[in-house]
Amino acid sequence: IPHLSSFSLGPGAGQDVGRSCILVSIAGKNVMLDCGMHMGYNDDRRFPDFSYITQNGRLTDFLDCVIISHFHLDHCGALPYFSEMVGYDGPIYMTHPTKAICPILLEDYRKITVDKKGETNFFTSQMIKDCMKKVVAVHLHQTVQVDEELEIKAYYAGHVLGAAMFQIKVGCESVVYTGDYNMTPDRHLGAAWIDKCRPDLLISESTYATTIRDSKRCRERDFLKKVHETVERGGKVLIPVFALGRAQELCILLETFWERMNLKAPIYFSTGLTEKANHYYKLFITWTNQKIRKTFVQRNMFEFKHIKAFDRAYADNPGPMVVFATPGMLHAGQSLQIFRKWAGNEKNMVIMPGYCVQGTVGHKILSGQRKLEMEGRQILEVKMQVEYMSFSAHADAKGIMQLIRQAEPRNVLLVHGEAKKMEFLKQKIEQEFHVNCYMPANGETTTIFTNPCIPVDISLGLLKRETAIGLLPDAKKPKLMHGTLIMKDNSFRLVSSEQALKELGLAEHQLRFTCRVHIQDPRKEHETGLRVYNHLKAILKDYSVQHLPDGSITVESILIQATAHSEDQGTKVLLVSWTYQDEELGSYLTSLLKKGLPQSTA
Amino acid sequence: MAAHLKKRVYEEFTKVVQQQHEELSAKKLRLAKPSKSAALHVDLCKAASPADALQHLLHFARRPVEAESVEGVVRILLEHYYKENDASVRLKIASLLGLLSKTAGFSPDCIMDDAINTLQNEKSHQVLAQLLDTLLVIGTKLTENPPVRMRLVEVACKHLTDSSHGVRNKCLQLIGCLGPVEKGVAKEAESQSAKDVQKIIGDHFSDQDPRVRTAAIKAMLQLHERGLKLQQAIYCQACKLLADDYEQVRSAAVQLIWVLSQLYPESIVPIPSSNEEIRLVDDAFGKICHMVSDGSWVVRVQAAKLLGSMQQVSSHFLEQTLDKKLMSDLRRKRTAHERAKELYSSGEFSSGRKWGDDAPKEEIDTGAVNLIESGACGAFVHGLEDEMYEVRIAAVEALCMLAQSSPSFAEKCLDFLVDMFNDEIEEVRLQSIHTMRKISNNITLREDQLDTVLAVLEDSSRDIREALHELLCCTNVSTKEGIHLALVELLKNLTKYPTDRESIWKCLKFLGSRHPTLVLPLVPELLSTHPFFDTPEPDMDDPAYIAVLVLIFNAAKSCPTMPALFSDHTFRHYAYLRDSLSHLVPALRLPGRKLVSSPVSPSITPNEDPCQQFLHQSLERVYNLQHLDPQGVQELLEFTIRDLQRLGELQSELAGMADFTATYLQCQLLLIKALQEKLWNVAAPLYLKQNALASAAAKQILEETYKMEFMYSGVEGRQVVIIHHMRLQAKALQLIVTARTTRGAEPLFGMCEKFLQEVDSFQRCFISELPHMQGSFVDKLLDLMPRLVTSKPSEVVKILQTTLRQSTFLHLPLPEQLHRATANIIEPTGESDNPLRFTSGLVVALDVDATLEHVQDPQGTVKVQVLYPDGQAQLIHPKPADFRNPGPGRHRLITQVYLSHTAWTEPCQIEVRLLLAYNSNRSKAAKIPKSTWSDSMEALPPSENGIEGTIPFSKPVKVYIMPKPARR
């Protein structure tokens, strides 16, 4: 019986980057995956539309749990709004590092929106705290039983510290949600990994659906070389970053390079969030890559020797230095201040490690503008070198395919990407893995049919008896078994027929099939019998064929008797009789006998 | 004969002692035998509970059992086995049976039937598995007996249908280890079960239990190892196993596929879902490449490693491994490597990167992009980017092996190797530098690649820098800018790390001699000469200036026009450097008056080295002059030794040879001197002093012979004979001296006997060499042997004395290559005045860094010795991992030595030095006769010639330490 299980795509995400929020119904359980916000909007559109989930009634009643894959705001930004303002009291699952870092980011986000932009009707600090109280932290590969039927399990996803992929399982139906993941390791995190869990559905991000990336080493080497050269020249290097994630990777990269090459120029990191976050990076060593994990006994790599906290006054210091400053797009704050100070000197350099939104200073200088108009009609001439260096931590097309190969899902669903690019990947997935692939739009619901397997208990005695009959047990092939299926109290049991009879208090009835086969044979009855016996003996070598003294023949438990036809002595009637257990052999014998006896047997 | 005669000597002198001893040991044996098995029997019978019996068995297993009593013990165990109801006790008994059959000298065929019988009625799967294991042990001991093996294999086949994975596992293992390998025998003699072990094992490739599947593959591999040619049909099955759910199955399957690809590289296999066909080795290569991105890192390591040894793969597939087919937004994108190459070839080398410089160009046909099933595509790119460094190292190693066999691939993989120089793990960086060095004769570095390579010179790790210098020694550079760049970076390195001086000079030496034409245009700039003006003379002691000169002089060697560019002071500096750093500065043929500095006369052809000639001439002189009067011989020997020693100092290539012969002559000289003592015939006690000299000589000769035998690499059998012969002479001398100095014959008995034993073993070891030793000491001695063994010690001594005097001087043939093991402690330097302070009773770690040259098997032989001022000596065995091997014949020891001592009142110096340990059992002498003597030699008791000792082979370094009393 095909069983219906629907996975519906909820309020956010779909073919869009930002505002991840997916609703999954699996075997009657409803799970919300991620609860992100959109950076681009400042109105209602920034949060997912939760009224989509349920029009009337409380969310808590409808949702069984919420899972957050990692701490980026486009995956967790709407969480306090959702739990405190809309109202949800059920469990929220995330990994330990995510639980630790998430509130820092939310608080920062709140500060910017409320304190700087002066918005009202936004969640408060207390709300963030209350929200975090509802969070249940999980370990990697720990199976968490949400309720009796629903269980979830986290897998390592790379991307950022604490990012995880989640397997959601009800009975034997399962979904894997990847969140954002990275299949190539970097300087501080390992690669995503999943076992062959063969889920019914894999929900994968597809940010780089149409890209196959070059090796990371070239980029790293370029980056280091540029920084090194500038520093050797006596220039200053500015690297605008977002506080968390890539920043740590670049720090590790520079820190180890400084250590290796014995460099002395100072590296600064503008303070703020970072110190707190670095603290957590130090704590969650088990979530980092092999190198950091192996060497932390001697020295924790996040205890930077060469990287110090930045002070505003340092920007005017003479001599070479490297400064990491926020924000990443050079649109405001410390990074812009430093940029203005250093832009005039051609010895200096700014390295943009990520994408810049149109309209920001970062975007302008990247597109080659050398004269910038600052506030107050000031013209800033940019003489410093401008470099772009992309360090992205998403899986590329090859990585996505690799993950699909590892997990072997029966269906794939692509989210978090652009429709056109996803189309290409979808086609590839269908072509190479022969599985269905879906790419729903925002708010669209996708339903997937599964073939759930139904576990049945079998008694050991019966299993042993039945396996002993056939040849060697073969893992891959289905096996035929005889028994009685008892469905009682919501459980299935396969028992031997004797036991079933006993349990149900029924008497055993025997069912016999008999069949008459007419054969033209002028000889005597017992001679015909003998001929039939010889014939069967010759054909059925593996069975025990016996000729009984009373002239009847037995093949295993099937009885064959030859009698003369009452009217026509030339025709003999073969009476074949078998029980229903021997149906297969019995019908085979009849068809065999119907073909007649070979003439040559005298 | 000799042995027989020797026995009579024993009887005569040491009758009583010997017999008593034998008597005693025999008794012991007899007592032990019955007691042990009997005790076991009693114990087992008494055992009240299974746990009790188990205890007895465990206790019993701790002691060894003599070979003669094994069978008895086995019977008792079996008897108990049948009676025992508890499975765990039976299991222990079964495992004991296996343990007992391993006993050396016991042939287990007598218990095989019993062991097989026990299988019949056994119900417990665990015990069954253990019994099969026992059978495996028995089988492996009886490999020479085909019927037994066949029988065991049949037993195993019977139990293959068991429902327990453990039993099936063991069965497969047994079949793999004992299955018939020789085709002919199997077919004619044996039943059908034996005929096709491959099929039987192959059937279990699809077993339901992953452990059994693994065991099946392993058994197949075992068969292959034992020489059975696997059938090609297995290939398909093995390919299916690559997609198994379990990593150990996949890992084993990768191995199997590799084996098959080596067996049938040229067979053709179809590509599924198309009607094309490819070579099997290519197909297998593609499949293994695919496994480089497997989910389990164990499999990835395995796959990456095996790729390296698939050299028959076609170049088309090979080059795919480095191509990942980049794209961005469905448009083809060039890799950074390709862009770099283009930039380089377009001549515009350093351009600041603009945003979008790497913007993708052409559109890609979406249908043609193959994302995953592309076989070899990008396998190495993935492997080198793997998160586990084990995989990365394996990938680098594989790259190295493949590049060594394919120059075009070497050229292609260069970019990737260069990238690996920036790996986060030092081991990987080091490995890739070594790899690059190994393939360096196939490649020429582009300038941009050189740039990246040179950037690593600033690495703070000494290992990395030295490996890089080593690499630069054998790198081909394409342009003069490249050479300049390399020089500049090396000089930068020199200023940053002055300790690298020697290594950098050496590197520049090779760089210069490899690229004379590229250096030529750089000379004026490098020497900062000016066509019109005189420039100031550079400081001769500046290491950087020396470095430049080393480069130039070595280039000038094969570039005769270069010296014309030198200024006057350069010639002066040349003369100075040629003398002070002769190993770095070659002899140059300079024009005109400057020729003085070069000792090379033009008449000598280059392939006949004058030094070599000198060496041989002086040796011949010595060997010819042996009939001169003793005084003359002594003088000549002394002069020759002096000459040789000086030669060794001057010519580093000949140092080993010269030292070796000098040592030998020194021994000879000592021997002659000792024998020349005129007072030998006078009563001993009056001339104690003289005897002291002779005994000292004997002792020194002994020491020197050990040095000769163990400190030189390249010593061959012929030399070993001579060395041993010299040692024998020294021992004879010792014996004579002892005989002179001691009163009474008692202690002499033992000594004489020992000496004769040694003569005997010498004869046995070197019987093949004896014909070459006409007229030598041992030759004469062997002639006299029958007399010697019957004579009294005093007579023996007399005979020895005369033989020693009459014997001739043996010619020491020289091997092709001879190198003396040397060690140089770099750290500690011994110059520090700051004592190393530590609390007494605790330990302090002292970093020791040393270079070793020409040491064979340093892990086993090199030791560190620490001498404390109170005479206490401490011997430390460094860990095998502390030795690195930067180049052939060279090793580097970087280790930590832990020091500790009780409190001192003031700081004092301790001495640290390296020792070379030797053990004459493991010596070359023991290896040589093995070819001629097979069995009798092995039976020799080890004590006879098992002398262990150490030779100091480095200068001691003093370290100032100060253990402070602990503060309370």
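Here, each number is a calculation from the coordinates, and none is a lab measurement. From a predicted model like this one, the values you see are computed outputs, not experimental measurements. With ideal geometry, Cβ positions are generated from the backbone for all residues, glycine too; neighbour counts draw on all protein chains shown.
Values computed for the structure shown
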{"quantity": "Mean Cα-pair separation over length for the stretch A:499-595, i.e. relative contact order, pairs under 8 Å, 6 or more apart, %", "calculated": "33"}
{"quantity": "Of every Cα-Cα pair in the stretch B:610-806, the percent that sits beyond 25 Å", "calculated": "39"}
{"quantity": "Cα-based equivalent ellipsoid of the stretch B:525-586: semi-axis lengths in Å, sorted from largest, via gyration tensor", "calculated": "18, 15, 10"}
{"quantity": "Rounded, prolate or oblate (a/c below 1.5 giving rounded, otherwise prolate when a/b exceeds b/c) for the stretch A:267-423 by Cα gyration tensor", "calculated": "oblate"}
{"quantity": "Protection-proxy order for peptides A:395-403, A:255-263, A:422-430, each taking the mean of Cβ atoms within 10 Å per residue, highest first", "calculated": "A:395-403, A:422-430, A:255-263"}
{"quantity": "For the stretch B:443-589, the Rg and Dmax computed from alpha carbons only, in angstrom", "calculated": "14.6, 45"}
{"quantity": "Estimated FRET transfer efficiency when R0 is 22 angstrom, pair residue A:141-residue B:245 (beta carbons, to 0.05)", "calculated": "0.85"}
{"quantity": "Over the stretch B:443-589, relative contact order from alpha-carbon pairs under 8 Å, at least 6 apart, %", "calculated": "22"}
{"quantity": "nm² value of the averaged projected area, convex hull over the Cα atoms of the stretch A:289-329", "calculated": "4.6"}
{"quantity": "Theoretical FRET efficiency, 1/(1+(r/R0)^6), r = Cβ-Cβ of residue B:673 and residue B:66, R0 51 Å, to 0.05", "calculated": "0.45"}
{"quantity": "Under 12 Å from residue B:509, Cα to Cα: aspartates and glutamates that are on another chain or at least 8 residues apart", "calculated": "B:470"}
{"quantity": "Table column - 3J(HN,Hα) (Hz), the stretch B:470-475, Karplus curve with 6.51, -1.76, 1.60, x for Gly and Pro", "calculated": "4, 5, 5, 4, 10, 9"}
{"quantity": "Value at 222 nm in deg cm²/dmol, rounded to 500, when DSSP H runs of n ≥ 4 in the protein assembly as shown each add -39,500 (n - 2.57)", "calculated": "-14500 deg cm²/dmol"}
{"quantity": "Sequence-distant residues sharing a close amide H with residue A:308 (under 5 Å, placed H)", "calculated": "A:267, A:268, A:269"}
{"quantity": "Estimated D of the stretch A:416-552 in µm² per second, where Rh is the Kirkwood radius over Cα pairs and Stokes-Einstein applies at 37 °C, 0.692 mPa s", "calculated": "146"}
{"quantity": "Long-range tail of P(r) for the stretch B:513-556 (Cα pairs > 16 Å, %)", "calculated": "39"}
{"quantity": "Whole-Hz ³J(HN,Hα) from phi, Karplus 6.51 cos²θ - 1.76 cosθ + 1.60, for the stretch B:633-646, glycine and proline x", "calculated": "4, 4, 5, 4, 4, 4, 5, 4, 4, 4, 4, 4, 4, 5"}
{"quantity": "Low-density loop cleavage sites - trypsin sites (Lys or Arg not before Pro) in the stretch A:509-564, where at most 10 other Cβ are within 10 Å (DSSP)", "calculated": "A:541"}
{"quantity": "Under Karplus coefficients 6.51, -1.76 and 1.60, residue-wise ³J(HN,Hα) of the stretch B:574-589 in Hz, glycine/proline x", "calculated": "4, 4, 5, 5, 4, 7, 7, 10, 4, 6, 9, 10, x, 6, 10, 9"}
{"quantity": "Average beta-carbon neighbours from other chains, 10 Å sphere, peptide A:215-223", "calculated": "6"}
{"quantity": "Test item: B:421-430 mean partner chain Cβ contacts at 10 Å", "calculated": "4"}
{"quantity": "Trypsin sites (Lys or Arg not before Pro) restricted to DSSP loop in the stretch A:53-118 with at most 14 other C-beta within 10 Å", "calculated": "A:58, A:117"}
{"quantity": "For the protein assembly as shown, the fraction of alpha-carbon pairs in successive 10 Å shells from zero, as %", "calculated": "1, 6, 9, 12, 15, 15, 14, 11, 7, 5, 3, 1, 0, 0, 0"}
{"quantity": "Neighbour-count order for A:405, B:62, fewest beta carbons within 10 angstrom listed first", "calculated": "B:62, A:405"}
{"quantity": "Binned Cα-Cα distances of the stretch B:53-172, short to long, each 10 Å bin given as a whole percent", "calculated": "14, 48, 33, 6"}
{"quantity": "Pairs from B:673/B:699; A:341/A:364; A:225/A:341; B:754/B:780; A:276/A:308 whose Cα-Cα separation, in the structure shown, is over 20 Å", "calculated": "A:225/A:341"}
{"quantity": "Simple label model, 7 Å out from Cα along Cβ direction - residue B:535 to residue B:83, nm", "calculated": "10.0"}
{"quantity": "Averaged over A:395-408, number of beta-carbon atoms from partner chains that fall within 10 Å", "calculated": "4"}
{"quantity": "Residue pairs, from the table A:169/A:196; B:863/B:955; A:226/B:438, whose Cα atoms sit over 18 Å apart", "calculated": "A:226/B:438"}
{"quantity": "Cross-link pairs A:153/A:398; B:123/B:199; A:420/B:240 - those with Cα-Cα distance over 31 Å", "calculated": "A:420/B:240"}
{"quantity": "FRET efficiency, residue A:518 to residue A:482 (Cβ-Cβ, R0 41 Å, nearest 0.05)", "calculated": "0.80"}
{"quantity": "Chain A - Rg and Dmax from Cα coordinates, angstrom", "calculated": "36.2, 126"}
